[in-house]
Amino acid sequence: SALMIEGNASSSFAVKNCTFDSNQNTGNVGGGAVRVSNAKVLMENCKFTNNKASQFGSAIYVGGTGVLDMNGCSLSGNEVTTYDGAIYVDASAELNMDHCVFYGNTGKRRAGAISAKGKVNAVNCDFDSNTAGQDGGAIWLRDGGILKADLCTFRLNVANGTGNATGGGAIYISEASKAYLNRCFMANNSDQYNAHHIYANSLTS
């Protein structure tokens, strides 16, 4: 609703020192504040607060073959009213983050912070007090999504476990998805099914 970036493999765009506050997308395409499609985008020192979307990505939607690099960004108080994630990463897209903070974001069904079918790389990131109505309080990986996290902190994230959800207070891994965690810290995450930190729902995950 604030910024839409469409391009191709050679397209690049930079957003620095910007604040996206109280934007709202009521459609079914996702991205409460920013939508990235196919282009390569750099975001530095940006803040996303109190944005809303009814579908995917209350703050940001990354689709197509889009690549989003985020450095020193914060996302707080963003809310998806129907589905998933402050940031949604589609199957062929990629999200790379360094020193980013996710605080107090809410997903109606899954993933208060990040919902991904694509690739997510996170270094020195903090996931704090994010909430999912069902599973994956901070991150929900699906359909072959891949998370690589190094020196990240997950604390006080909650999966409320309503409906037929299965838990994962911090991370929920499903449908042949993979999570690689290195030197990460987890504390006081919670859900309704005793998989307070991480839940993998099948042998392929």
For region 3-120, just list the percent of Cα-Cα distances falling in each 5 Å bin from zero outward, please.
-> 3, 14, 25, 28, 21, 7, 1, 0
Distance in nm between A14 and A91 label points, each 7 Å along Cα→Cβ, equals 3.4 nm
Cross-link partners of K108 among lysines (Cα-Cα below 22 Å; sequence separation of 8 or more within a chain) = K47, K52, K117
Checking rank on 43-54, 166-177, with mean other Cβ inside 10 Å and highest first, the result is 166-177, 43-54
Can you check what the net charge comes to around N45, using other residues whose Cβ is under 13 Å from the Cβ of N45 (Lys, Arg +1; Asp, Glu -1)?
-> -1
Once you have the Cα-Cα distance between T204 and L42, take 0.36 nm times their residue separation minus that, and quote the gain in nm to one decimal.
-> 55.0 nm
Would you mind giving the three semi-axes, in whole Å and largest first, of the ellipsoid equivalent to the chain according to its Cα gyration tensor?
-> 24, 17, 16
Apply 1/(1 + (r/R0)^6) to the Cβ-Cβ distance of N188 and T81, taking R0 = 35 Å, and write down the FRET efficiency to the nearest 0.05.
-> 0.85
Work out the FRET efficiency for T153 and S22 from their Cβ-Cβ distance, taking R0 = 41 Å, and round it to the nearest 0.05.
-> 0.90
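A short reminder: the numbers here are calculations on the coordinates, not readings from a lab. Bear in mind that the values here come from a model prediction, so they are computed numbers and not experimental data. Cβ coordinates were reconstructed from backbone atoms using ideal geometry, including for glycine residues, and neighbour counts include every protein chain displayed.
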